[in-house]
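The numbers here are math on the coordinates, done by the rules we state, and not lab data. The structure displayed is predicted, hence computed values, not measured ones. Virtual Cβ from ideal backbone geometry, glycine too; neighbours counted across all protein chains shown.
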Amino acid sequence: MVGVPNSTRYLTHHNTFYNSGEGSRKKGSFPIFAAMQVVVSGTRPTGVLHLGNYLGAVRNYVRMQDDAAYEGYFFIADYHSLTTHHQPHELRSLVKQTTAAYLAAGLDPEKVTIYLQSDVPQIPELYLLLNMLAYKGELEKVATFKEKIKQHKENINAGLLTYPVLMAADIIIHRAHKVPVGKDQEQHLEMTRNFAKRFNSRYDVDFFPEPVAFNYDAELVKVPGLDGGTKMSKSGSVSSVIFLDDPDDVIRKKIMRSKTDSGPTEPNTTPPQEIENIFVLMEHVSDTSAVAHYRKAYSDCSIRYGDMKKQLAEDMIAFIAPLRHRINETLANEAYLERVLQEGGEKARESAKKTIHEVRNIMGLNYF
Ligand code: TYM
């Protein structure tokens, strides 16, 4: 039943161990001795990164990189961006933009592995193998699939349906434990755990850890847009999104024009979504005293939205401007971007090869 030959030497990512004898052949024969936990996450290069990407995910990549508990793999999900139509020349520039944003945010190629998904052929190999364990019915129920087929009625392709399988392959190819992502990715992580568990149980091994979505605070982050929507999104209208390369005057304009209502008429009421969104954005970039001041002003009906927006605009500019400068500086150094991705690709392939080698053995894809 166990697709693992006896007395075979197995390499984990961090250790060499021997799977010796009957006793260790039962479930649990892949102990992970590693002191460090593996962290994997990625971003689709479908647009310039925005504040939601930064606060929900990329900021945590950087924090985890500097945490001795973790070994990080951060990639650009270029295959995933092909599930919706794209222009090749745009893809090229957005891949560079995304890499520059990672580096500008503080990711350090000396400390973590930064790479392109399409530079690691073991990912599509694992994706193919996991597709044999993924059921059409469960894939059709995924919320993002249902959303996407409404948005792209003319392009309901198999890549969209199997998007969560590719995402699972991205994550478990390095046998990850933690995945720093925003709240919108929660269901995809649940699917990843299902595929990891299903693989382990089908082949009666404890090979893949069950990775969890991660944020340093208890809750995963969902940054709202400026249009009253609950999620800032690359596919939303340009005016509702703060991009990391937006110039100061653009940020100011977007915020000053953001949606508000006519103001509270009774004390101590709950703000409507569009006003709550402004408070939430302030909580991310302003001092707590400023947020408390405007919350109180809302409660006692003395609030002036114009003042609150001016405060948010100036705090947002102070937050974004240094990132924008670093992105532009980094983008100007193409040779450096190329080197980072090349070296990262090599390291990622090395780790991925070990997993695929073991997966092939476990599945019986080792004939001689
Ligand atoms: P993507 O490219 O849409 O977004 C990249 C990251 O940004 C987070 N995010 C947000 N967080 C908080 N508030 C928001 N408004 C907001 N908008 C985006 C996302 O949660 C994500 O963490 N499927 C993924 C890419 C991917 C991936 C992976 C991620 C492919 N393979 C493996 C992790 C591990 C996606 O489309 O993210």
*Considering the zone a paramagnetic label at D217 would reach in this model (a point 7 Å from Cα along the Cα-to-Cβ line), which residues of region 179-200 have amide N under 13 Å from it?*
183
*Quick one: of the DSSP bridges fully inside the chain, what percent are antiparallel, nearest 5?*
25 percent
*So what is the relative contact order of region 245-331, in percent, for Cα pairs below 8 Å that sit 6 or more residues apart?*
48 percent
*Which shape class, rounded, prolate or oblate, goes with the chain when its Cα gyration tensor gives a ≥ b ≥ c as root eigenvalues, a/c under 1.5 marks rounded, and past that a/b bigger than b/c marks prolate?*
prolate
*Just order 276-289, 156-169 by mean Cβ neighbour count inside 10 Å, highest at the front, would you?*
156-169, 276-289
*FRET efficiency for T270 and N366, using Cβ-Cβ distance with R0 set to 51 Å, rounded to 0.05*: 0.25
*Principal axes first, then extents: for the Cα atoms of region 245-331, list largest minus smallest coordinate on each axis, whole Å, largest first.*
50, 23, 18
*Using the alpha-carbon centroid of each, what span in Å lies between region 109-174 and region 336-368?*
18 Å
*State, to one decimal in nm, how far the label point of R92 lies from the label point of K231, with both points 7 Å from Cα in the Cβ direction.*
3.2 nm
*Relative contact order for region 131-289: what is it in percent, counting Cα pairs under 8 Å that are at least 6 residues apart?*
16 percent
*Where the centre of each part is set by its Cα atoms, how far does region 193-260 sit from region 281-328, in angstrom?*
21 Å
*asked:* Using the Karplus curve 6.51 cos²θ - 1.76 cosθ + 1.60 with θ = phi - 60°, what ³J(HN,Hα) values do you get for each residue of region 151-164, in whole Hz, with x for Gly and Pro?
replied: 6, 10, 4, 7, 9, 8, 9, 5, x, 5, 5, 9, 3, x
*Before rounding to the nearest 500, sum -39500 (n - 2.57) across all DSSP H runs of length at least 4 in the chain and divide by the residue total; then give [θ] at 222 nm in deg cm²/dmol.*
-15000 deg cm²/dmol
_Relative contact order [Cα under 8 Å, 6+ residues apart], the chain, whole percent_ = 23 percent
*What is the spin-label model distance, in nm, from N131 to S239 if the labels are put 7 Å beyond Cα along the C-beta direction?*
4.3 nm
_Peptides 122-131, 248-257, 47-56 ordered by average Cβ neighbours within 10 Å, highest first_ = 47-56, 122-131, 248-257
